[in-house]
Amino acid sequence: MELFWHRRDLRVADNVGLAAASGTGDAGGAGDVDRGPAAPVFVFDPGVLDHASDVRVRRLLDGLAALRDDYRERGSDLLVARGDPETVLPELAAALDAERVVWNRDYSGLARERDAGVRRALDAVDVARDARHDAVLHDPDAIRTNAGDPYSVYSYYWKKWTDRAKAEPAPTPTGEDLVDADRLADAVDAVDALGSDDGAVADAAVGDLPTPADLGFAEPDADLGPAGTAAARERLDDFLDEAVFAYEAERDYPAKGATSRLSAFFKYGEIGVREAYAATEEAMAEAESDARPEDAPEQVEEFQQQLAWREFYAQVLFHNPEVVTENYKTYEEGIEWRDDPEEIAAWKRGETGYPIVDAGMRQLREEAFMHNRVRMIVASFLTKDLLADWRHGYDHFREHLADHDTANDNGGWQWAASTGTDAQPYFRIFNPMTQGERYDPDAEYITSYVPELRGLDADLIHEWHELSPTQRANAAPEYPSPIVDHSERREEALAMYKRARGEDPDD
Ligand code: FAD
């Protein structure tokens, strides 16, 4: 028997580590260790929970409930434990008489430190362990420049990424490949009988999930939508059925709902990336047939490019773990952010008086999600209109996004702040009014999140910053006036970046 440790891979299908642990797939490196069946476990680690948020804990619990149901359908169940994995996993392995503990690699810095500790703890008790490559199609170390360096420019990375052969989805274990629910219950009794001195796994249970309150979190206000593999597959199928064939043309228009909204499913690993990619290849085959317009392949390729962005940022974080808190790009003199607390608070509340910015920030609160184009706009606004450090925005997103992913969130923020890999040049500053006008011409997205502006003409909404105080008071008395003047702030931002570059701001 083997123990499979779930972390950010809450699925049974297309799970490389689980397939290896259960003997369903290639057991690679197992040597003389017996293979399968697998006993799946999830460990609530206080070290990880310290960095969690109400939104992410709720979303995680929803994903775990779906995963547990998938196991139950196969006659098995999910072991749920609490404590430090360095203590919990060796004890569980002993209680289950497991020959090996298997997991999928996590590429972020903190997770790598934790995993090193678990490796040492298992080695100390002579339990074999194996970490598999699963979360992305290409290992962060696999795609490098011809000189052998990690990539920092996406377009070059993409060229290599798209040319590489992709792995097939990992095989899905059946009931026979998994430890049955009764035997898991016996194992939990055995854990209790171990009488661990520190009680680390005393509350290991079969399928018994805690509530957010048990973990010290509150129920979030946001509506998080469905979780789990079945919901992810339904969403992917729907998207690839039609929307993907207009993806490039429509993805920037938030009112069109033209993107897949798969990000939280990817974040929690509820759908395997090999499975998702294989499905896009099927869509590509259809795109290349006569049934679809000539530009259909480009539309599908644009979607595959987003999957590659996810992998690009995963390798940026893997090779540069310090970017979580540090600028990727060094500015000679350091950037002197203004960091006005009131302006930052108005941004968080969605009360800046810039309609597209406020709509985005309110979507974030209501749905724990924000459309990509709008993420770019609000991030540009925070850093280049409010001259606030990107870390304020990153922390706010980290707290409120259900799909918060260290690599992607950090990559997105540093891109917008012109501090990252392949970032926006510092002098490219979005004008929030023209962005709104261009990407939400009928103000449909704006008015769905900013009720104060409902019923107004779209033109009036897009000219909000140009109206007089009286005009604003007459049109929408409850909606704020712009808290800053974009043209002035644009100049100040340029000067701020020039100073940081050691240049004369007046040049
Ligand atoms: P689709 O357009 O359908 O794309 C499909 C998938 O590709 C996404 O689900 C996601 O996994 C990946 N993807 C798409 N765009 C990007 C991108 N620019 N970078 C990396 N991966 C991408 N994405 C996150 O998953 N988590 C985050 O915490 C996150 N924070 C961001 C912060 C900022 C400031 C910015 C500008 C972008 C951020 N993104 C983040 C990237 C992007 O906005 C979201 O992935 C996307 O909006 C999710 O919607 P979707 O699933 O409908 O995307």
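Considering the stretch 85-169, what Rg and Dmax in Å follow from its alpha-carbon atoms?
When restricted to Cα atoms, the stretch 85-169 yields Rg and Dmax of 17.0, 50 Å.
Tell me, how many Å apart are the Cα centres for the stretch 168-191 and for the stretch 471-498?
Centre-to-centre distance over Cα atoms comes out at 58 Å.
Using alpha carbon centroids, what distance separates the stretch 325-360 and the stretch 94-121, in Å?
Rounded to whole Å, the Cα centres lie 38 Å apart.
From a point 7 Å beyond the Cα of L494 in the direction of its Cβ, which residues of the stretch 406-435 have a backbone N at a distance under 14 Å?
426-431
By the scheme Lys and Arg +1, Asp and Glu -1, what is the net charge of all other residues having a beta-carbon under 14 Å from that of E478? Walk me through the intermediate numbers first.
Working: positive: R349, R362, R454, R472; negative: E351, D358, E452.
Around E478, the charge tally is +1.
Return the calculated 222 nm mean residue ellipticity for the chain, to the nearest 500 deg cm²/dmol, obtained by summing -39500 (n - 2.57) across DSSP H runs with n ≥ 4 and dividing by the residue count.
On the way: 22 runs with 237 residues, N = 507.
Only helices count here, giving -14000 deg cm²/dmol.
In nm, give the distance between the simple-model label positions of R338 and Q471, each being 7 Å from the Cα along the Cα-to-Cβ direction.
Each label point lies 7 Å from its Cα, and together they span 2.4 nm.
Per q in 0.11, 0.12, 0.15 1/Å, what log10 I(q)/I(0) does a Debye calculation on the alpha-carbon atoms of the stretch 384-507 return?
-0.51, -0.60, -0.89
From the residues A279, N146, F42, which one has its Cα farthest along the dipole of the chain in the positive direction, the dipole being from +1 and -1 charges on Cβ of Lys/Arg and Asp/Glu about the Cα centre?
In the chain, that residue is N146.
Using the beta-carbon distance between R428 and D126 and R0 = 41 Å, what value does 1/(1 + (r/R0)^6) give for FRET efficiency, to the nearest 0.05?
Working: r = 57 Å, r/R0 = 1.38.
With a Förster radius of 41 Å, E is 0.15.
Can you tally the lysine pairs in the chain where the Cα-Cα distance is under 17 Å and the two residues are eight or more apart, or on different chains? Mind dumping the intermediate values first?
On the way: K329/K384; K329/K498; K348/K384; K384/K498.
Final tally of qualifying lysine pairs is 4.
Restricting the calculation to Cα positions, tell me the Rg (one decimal) and the Dmax (whole number) of the stretch 254-394 in Å.
Cα-based Rg and Dmax for the stretch 254-394 come out at 18.7, 57 Å.
With all protein chains present, how much of the accessible area of the chain (probe radius 1.4 Å) comes from carbon and sulfur, to the nearest whole percent?
On the way: 9290 of 21360 Å².
C and S fraction of accessible area: 44 percent.
So how far apart, in nm, are the two label points at E478 and E73 if each is 7 Å from Cα heading toward Cβ?
Between E478 and E73, the label points sit 4.3 nm apart.
Starting from the coordinates of the alpha-carbon atoms of the stretch 229-319, obtain the Kirkwood hydrodynamic radius over all distinct pairs and give the value in Å to one decimal. Don't jump to the answer; show the numbers that get you there.
Values: mean 1/r = 0.0734 Å⁻¹.
Evaluated over the stretch 229-319, this radius sits at 13.6 Å.
I need the per residue convex hull volume for the chain, using only the alpha carbons, in cubic angstrom as a whole number.
Hull volume normalised by residue count: 168 Å³.
Within the chain, what percent of beta bridges assigned by DSSP are antiparallel, to the nearest 5?
Numbers: 3 of 22 bridges.
So the antiparallel bridges in the chain amount to around 15 percent.
Measure off 7 Å from each Cα along the Cα-to-Cβ vector at E503 and L110, then give the distance between these two points in nanometres to one decimal.
So the two model labels end up 3.7 nm from each other.
Once the dipole of the chain is set up with Lys and Arg at +1 and Asp and Glu at -1 on Cβ about the Cα centre, which of T211, Y328, T383 lies farthest towards its positive end?
Comparing the listed Cα positions along the dipole, Y328 ranks first.
So for the chain, averaging the separation of alpha carbon pairs under 8 Å that are six or more residues apart and normalising by length, what relative contact order in percent results?
Details: 867 pairs, mean separation 85.1, N = 507.
17 percent.
Full-extension gain between T162 and E452, please, as 0.36 nm times their residue separation minus the C-alpha to C-alpha distance.
Details: separation 290, 0.36 × 290 = 104.40 nm, distance 4.55 nm.
Gain on extension, T162 to E452, equals 99.8 nm.
Could you point to the residue in L364, A417, A443 farthest towards the positive end of the stretch 341-500's charge dipole, with +1 and -1 charges on the Cβ of Lys/Arg and Asp/Glu respectively?
A417
The values are calculated or read from the model by the stated rules, or taken from the named source; none is laboratory data. Computed from a prediction, not measured in an experiment: that's the story for all the values here. Cβ atoms come from the backbone with ideal geometry, glycine included; neighbour counts cover every protein chain shown. Only protein heavy atoms, including side chains, enter the accessible area calculation; ligands, DNA and RNA are left aside. Shrake-Rupley method; radii C 1.70, N 1.55, O 1.52, S 1.80 Å.
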